[in-house]
Amino acid sequence: MRRASREIVFKLLFEYSFQNEKNDQTKDLMLMDSDMTEEDKEYIEKTYYGVVDNIETIKKTLADNITGYTMDRIYRSDLVILEMAAYEISEASVPQAVIINEAVDLAKKYGTDKSGGFVNAVLAKLAK
């Protein structure tokens, strides 16, 4: 279920990337899924609020690890995925390889044909 939880966090953060404010109503609606465990719900809230509350630090960290692009040129879904993964890597509660793999899968699903490789390259550099 963690994969589904990550996808929910991605959707919440994608919405945040347009509105620049937390939307607890959307979060609460997504958490109403009866198949989710309390652990999944806690992960969603912790990661969503963690990224939003630390977004400037996360963006600076990413900017320092992205070569050949400026932050405003990155496809929005890729940027959101990178922000979420960068936060998770900084928390170190899940192995980095798992975080990177899940981020690449999300990028392949929601990004362009090149998104998976781009996200993988940035996160591999960040993880070092």
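The values are calculated or read from the model by the stated rules, or taken from the named source; none is laboratory data. Nothing here was measured: the structure is a model prediction, and the numbers come from that model. Cβ coordinates were reconstructed from backbone atoms using ideal geometry, including for glycine residues, and neighbour counts include every protein chain displayed. Side chains are part of the model used for accessible areas, which takes the heavy atoms of the whole protein and leaves out ligands, DNA and RNA. Shrake-Rupley method; radii C 1.70, N 1.55, O 1.52, S 1.80 Å.
Would you mind checking the tilt of helix 115-127 against the longest principal axis of the Cα atoms of the chain, expressed as 0 to 90 degrees and rounded to 10? The helix 115-127 is inclined about 80 degrees to the chain. In units of the rule-of-thumb radius 2.2 N^0.38 Å, region 55-116 shows an alpha carbon radius of gyration of 1.07.
Keeping all protein chains in place, calculate the accessible area per residue for region 34-89 (probe 1.4 angstrom), answer in Å². Walk me through the numbers before you get to the answer.
Numbers: 2910 Å² over 56 residues.
Value returned for region 34-89: 52 Å² of accessible area per residue.
Mind giving me the FRET efficiency for E38 and E15? R0 is 25 Å, r the Cβ-Cβ distance, nearest 0.05 is fine.
Values: r = 23 Å, r/R0 = 0.94.
Efficiency for this residue pair is about 0.60.
Report relative contact order for the chain in percent, whole number only (criteria: Cα-Cα under 8 Å, sequence separation at least 6). Walk me through the numbers on the way to the answer.
Details: 108 pairs, mean separation 31.8, N = 128.
Over the chain, the number comes to 25 percent.
Of the heavy-atom accessible surface of the chain (probe 1.4 angstrom), what whole percent is carbon and sulfur? Walk me through the numbers on the way to the answer.
Details: 3510 of 7120 Å².
So the carbon and sulfur contribution to the accessible surface is 49 percent.
Against the compact-protein benchmark of 2.2 N^0.38 Å, the Cα-based radius of gyration of region 22-128 scales to 1.08.
Would you work out which of L29, I44, Y69 lies farthest towards the positive end of the dipole of region 14-75? Charges go on Cβ: Lys and Arg +1, Asp and Glu -1. After comparing all options, I get Y69.
Order 38-49, 56-67 from most to least packed using the mean count of other Cβ atoms within 10 Å. Walk me through the intermediate numbers first.
Details: 38-49: 16.6, 56-67: 14.1.
Ranked from most to least packed, the peptides come out as 38-49, 56-67.
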